[in-house]
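The values are calculated or read from the model by the stated rules, or taken from the named source; none is laboratory data. Everything quoted here is computed from the prediction, not taken from an experiment. So basically every Cβ, Gly included, is an ideal-geometry build from the backbone, and we count neighbours across all protein chains shown.
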Amino acid sequence: MDEVHGIRLLEFRQLKREIRGSRQHLIVGIDVAKERHNAFFGTATGRTVHKGLVFDNTIEGFQKLLALTEALKVQYVLTQVVFGLEPTANYHKPLGEHLIKCGHTVVLVSATAVKNNRSLLDGRWDKHDTKDSANVADLISQGKCLYYDYPDPRIRDLRGLLALKRRLKKEEHSLRVRIRNQLLAQYFPEMDRLFRCATSLAVIGRCLNPSMIAGMEFDEFRRRVVPGRLDMPQQKQLSAIWRMAPESIGCHAGDAVPFEGQVMASKLHQVRETIKAVEDKIEDLCSQFPEYQCLLSIPGFGPDVSSKVLGAIGWAFRFVTCKQVLKMAGFDLCAERSGKTSNSATPVISKQGKADLRYALYQAALIASLRNKGFMCYYTNKLRDRQREKGIGTKMRVKLAAKLLVIAWTLMKKKELFDPSYLTKGDVKAQVGSK
């Protein structure tokens, strides 16, 4: 599989070098939709070969596209074909995978490039499917395209599970906020400070009514909330809730309030159980990659951070330099220098890459700089003589997060465990500046 990735990557790099002004390439720009796609056929010299093809998102539609492509290739004596897609949700993936399996070259064009180039085609700002497909083909003829990442099926499964976990985490947060701001804020405000404790969710699901709790003896309240045995921390938490109930300032709770609490608590518990199952599945999947143990050896990298880095990088050799890895994560620097000198322009990270990956790496940098001796010394040396600068602590941790990503990428390529000497090698100062 790695050999196939290597061949496709070499073909893409050769395409980027040769596509401008090529008289051998048939460029097929495709505007992707959910049910029907629009295709435009042209050459790198600006010649329109065929436009207005509409084909269904079915195997018959794909065969129609390939049949016309082959006919035009023979008719106009062209030797090579490149298909370009604008990523639209997940609608482009079946078509892209089918074309790759048929042995064709497939590239992507970014939505930002498509938007900026649209008005340059004819000097107008209107938007329609035929023009968008021609826009895609025009960008490819200029070499402004991206590599179509078609990773190992296990990496695709991992990315899908990470996306599922991300959605479940958002749902969990939404439920927690609703319980605190909708239920507790109205009917039992005093309990909000104990919401994080283990037994609070059981109280919300089984007895969310301060007046009812006030009329019970503690043993009866405990048996109703947690029928089984309790450890000492749970006993203290329940006791604190029971003592707060008689003096609660909450609104009068009707018959529907306990039912709503039961529904919300049950749903939150179910989401948490699902997240746990997804995390177990992610860990089982990651354990199949030798690179996973290399990532776990990095200080600050736990199962969550390691799985996100593994899913984002995938096949490590598709990146040639560390600058490309940093750009993928959004750690690359950019600055507004128009009308300014380089010294007066303040570079900041672009934040154009994967936000979830940046957040995970920053948390890893935070933990490593607080708990690992080598990283503590490295972080302290970076702060030396700059302690009074505003926000310097956060900036240096962002630099450390970027360095951790480069170290992770290096270990994945070499399949080695972390060596503390990596911390002082290849500083990423050129990629993530100290300003």
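Values as computed for the structure displayed
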quantity	calculated
Subset tally (residues that are among the small types (Gly, Ala, Ser) and exposed (fewer than 13 other Cβ atoms within 10 Å of the Cβ)) for the stretch 377-396	1
Hits in the stretch 147-182 (condition: touching a Pro at 6+ places or on another chain (Cβ under 9 Å) and either closer than 23 Å to Glu260 by Cα or without any contact (Cβ under 8 Å) to a residue 40 or more places away in the chain (or both))	none
Members of the stretch 193-208 that are in a helix (DSSP H, G or I) and either farther than 19 Å from Met232 by Cβ or hydrophobic (A, V, I, L, M, F, W, C) (or both)	Arg193, Leu194, Leu201, Ala202, Val203, Ile204, Gly205, Arg206
Listing of helices (runs of 4 or more DSSP H) fully contained in the stretch 245-340 that carry 2 or more residues being at pLDDT 90 or above and closer than 28 Å to Ile179 by Cβ	256-286, 303-313
Of residues in the stretch 130-149 being within 13 Å of Gly314 (Cβ to Cβ) and surrounded by fewer than 18 Cβ atoms within 10 Å (Cβ to Cβ), the one farthest from the chain's Cα centre (by Cα)	Tyr147
Close pairs (9 angstrom Cβ cut-off, 6 or more residues apart or separate chains): in the same structural domain as Ala360 (by TED's automatic domain parsing) in the stretch 371-398, surrounded by fewer than 13 Cβ atoms within 10 Å (Cβ to Cβ) and among the acidic types (Asp, Glu) anywhere	none
Some residue of the stretch 252-261 being of a type in the set (Asp, Glu) and without any contact (Cβ under 8 Å) to a residue 40 or more places away in the chain	yes
Residue check, Val81 of a type in the set (A, V, I, L, M), at pLDDT below 90 and buried (at least 17 other Cβ atoms within 10 Å of the Cβ)	no
Flag if Asn57 is surrounded by 14 or more Cβ atoms within 10 Å (Cβ to Cβ) and either at pLDDT below 95 or on the phi > 0 side of the Ramachandran plot (or both)	yes
Among (1) touching a residue at least 12 places away in the same chain (Cβ under 8 Å); (2) outside any helix (DSSP H, G or I), the one test that Asp126 misses	(1)
Flag if Lys327 is surrounded by 15 or more Cβ atoms within 10 Å (Cβ to Cβ) and either over 22 Å from Thr410 (Cβ atoms) or among the basic types (Lys, Arg) (or both)	yes
Single residue of the stretch 158-170 satisfying the filter (surrounded by 15 or more Cβ atoms within 10 Å (Cβ to Cβ) and not basic (Lys, Arg)) that is nearest to the chain's Cα centre (by Cα)	Leu162
Hits in the stretch 405-426 (condition: among the basic types (Lys, Arg), surrounded by fewer than 13 Cβ atoms within 10 Å (Cβ to Cβ) and in a helix (DSSP H, G or I))	Lys414
Restricting the stretch 97-128 to residues that are of a type in the set (Lys, Arg) and at pLDDT 80 or above, the residue that is nearest to Thr69 (Cα to Cα)	Lys101
Residues of the stretch 101-121 that turn out to be assigned to a helix (DSSP H, G or I), of a type outside the set (A, V, I, L, M, F, W, C) and touching a residue at least 12 places away in the same chain (Cβ under 8 Å), as a count	2
Residues satisfying the stated conditions in the stretch 4-51, i.e. small (Gly, Ala, Ser), under 18 Å from Leu99 (Cβ atoms) and assigned to a loop (DSSP other than H, G, I, E, B)	Ala33
Residues (part of a loop (DSSP other than H, G, I, E, B) and under 17 Å from Pro347 (Cα atoms)) located in the stretch 383-404	Glu389, Lys390, Gly391
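One line per residue, one yes/no per condition, for (1) more than 19 Å from Tyr150 (Cα to Cα); (2) touching a Phe, Trp or Tyr at 6+ places or on another chain (Cβ under 8 Å); (3) outside the structural domain of Ala137 (by TED's automatic domain parsing); (4) in contact (Cβ under 8 Å) with a residue 12 or more places away in the chain:
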| position | (1), (2), (3), (4) |
| --- | --- |
| Gly6 | no, yes, no, yes |
| Arg20 | yes, no, no, yes |
| Ile27 | yes, yes, no, yes |
| Asp56 | yes, no, no, yes |
| Val77 | yes, no, no, no |
| Glu86 | no, no, no, yes |
| Gly96 | no, yes, no, yes |
| Leu99 | no, yes, no, yes |
